[in-house]
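See structure below.
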Amino acid sequence: NRTSPFAFTGNKFEFRMCGSQQNLSDPNVVLNTAVAEECDEFASLMEGKEGDEFTAAALDWVKKTLKAHHRIIFEGNGYSEDWEKEAERRGLPNFKTTPDALPQMIKPENIEFFSKYGVLNEAEVHARYVSKAEQYAKLLNIEANTMVDMAKRMYLPAISEYSSSIAGSVATKAELGIEARAERELVSELTGGIDAIYDAVADLESKNSDARDIEDPQEECDAYRDSVIPAMDILRAAVDEMETIVADDYWPVPSYNSMLFWV
């Protein structure tokens, strides 16, 4: 099942949950600690048992483990909404964003999980939580600043230049007594797009600045998720709309059309 985050592929398990930019060390620490915990539990249970008693105890342990964890087993499409609904029905947690997931690191039972085997103590777990929260916020801060910079220095000037070109054509045709209705509507649409991008940039700058001023790591992450990302989406939508009507010669970066269909 290529959609499974933890797939069994005949003779091995494949762990596919990591993002393309994610370092594999942290997931490996968690996986290896979990394996150690299960080995510890199994060894403690089986120690001193032999023959039929050993076999019976092993089978009993397997049955209990499957009953306790069978709800995580799913062989359907892991990308579908059906699985999301089924997971909710099974009572499985679903942390859709990084700020939702990060606090799970510092839950008492998870701190105990690491400290029990001498992998990480409480202070070390908290340090990693804070580090990941700061990384999330800083990355989004950089992305937001980049969007603002591109909009101000690339998209707005390009759209304005194209709009001026069309407006000049309208003025020339007006002198000749030609109505140029289509060009007038295009200029109006371009002007509206410029205004929308300008307003979106101002809103994003303000929300990004407000988020960066928050000192608490979790609250800062929440602000980026709830405030900055939606503002980024609004700016992107406004620029994407303009990309569909601005001539290629004026557009400052490769368009989706040129990248997808003209390579």
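The values are calculated or read from the model by the stated rules, or taken from the named source; none is laboratory data. Worth saying up front: this structure is predicted, and the values here are computed from it rather than measured. Glycine also receives a Cβ, built like all others from the backbone with ideal geometry; neighbour counts cover every protein chain displayed.
Miscellaneous remarks
- Selection status of LEU190, farther than 19 Å from VAL228 by Cβ and aliphatic (A, V, I, L, M): yes
- Among residues of region 179-206 that are in the same structural domain as SER164 (by TED's automatic domain parsing) and assigned to a loop (DSSP other than H, G, I, E, B), those with a Cβ under 9 angstrom from a residue that is surrounded by fewer than 13 Cβ atoms within 10 Å (Cβ to Cβ) and of a type outside the set (A, V, I, L, M), sequence gap 6+ or separate chain, pair up as ALA180/THR172.
Listed here are the residues, each with its yes/no results for (1) loosely packed, with under 14 Cβ neighbours inside 10 Å; (2) of a type outside the set (Phe, Trp, Tyr); (3) in contact with a His (Cβ under 6 Å, 6 or more places away or on another chain).
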| site | (1), (2), (3) |
| --- | --- |
| GLU109 | yes, yes, no |
| PHE113 | no, no, no |
| GLU124 | yes, yes, no |
| ALA133 | no, yes, no |
| ALA137 | no, yes, no |
| ASP149 | yes, yes, no |
| TYR162 | no, no, no |
| ALA171 | yes, yes, no |
| GLU175 | yes, yes, no |
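Conditions (1) farther than 30 Å from SER131 by Cα; (2) surrounded by 16 or more Cβ atoms within 10 Å (Cβ to Cβ); (3) under 22 Å from the mean Cα position of the chain (by Cα), marked per residue:
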residue	(1), (2), (3)
ARG181	yes, no, no
VAL187	yes, yes, no
ALA202	no, no, no
ARG212	no, yes, yes
ASP233	no, no, yes
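- Selection from region 5-31 of residues that are touching a residue at least 60 places away in the same chain (Cβ under 8 Å) and not in a loop (DSSP other than H, G, I, E, B): ASP26, VAL29
- Test result for ALA144, surrounded by 11 or more Cβ atoms within 10 Å (Cβ to Cβ), out of contact with any Pro (no Cβ under 8 Å at 6 or more places or on another chain) and either in contact (Cβ under 8 Å) with a residue 12 or more places away in the chain or over 18 Å from PRO27 (Cα atoms) (or both): yes
- Residue in region 64-78 that is at pLDDT 90 or above, acidic (Asp, Glu), more than 22 Å from ILE111 (Cα to Cα) and outside any strand (DSSP E or B) present: no
- Hits in region 132-160 - residues which are basic (Lys, Arg) and under 15 Å from GLU205 (Cα atoms): LYS138, LYS152, ARG153
- Residues located in region 26-42, provided they are over 13 Å from PHE15 (Cβ atoms) and either of a type in the set (Ser, Thr, Tyr) or exposed (fewer than 13 other Cβ atoms within 10 Å of the Cβ) (or both): THR33, GLU38, CYS39, ASP40, GLU41
- Of all residues in region 235-261 being part of a loop (DSSP other than H, G, I, E, B) and either outside the structural domain of GLU143 (by TED's automatic domain parsing) or touching a residue at least 24 places away in the same chain (Cβ under 8 Å) (or both), the one that is nearest to GLU134 (Cα to Cα): VAL253
- Residue check for LYS96: free of Cβ contacts under 8 Å to residues at least 40 places away in the same chain, under 23 Å from GLY19 (Cα atoms) and either basic (Lys, Arg) or in contact with a Gly (Cβ under 7 Å, 6 or more places away or on another chain) (or both): yes
- Residue check for ALA123: of a type in the set (A, V, I, L, M), over 27 Å from PRO108 (Cα atoms) and part of a helix (DSSP H, G or I): no
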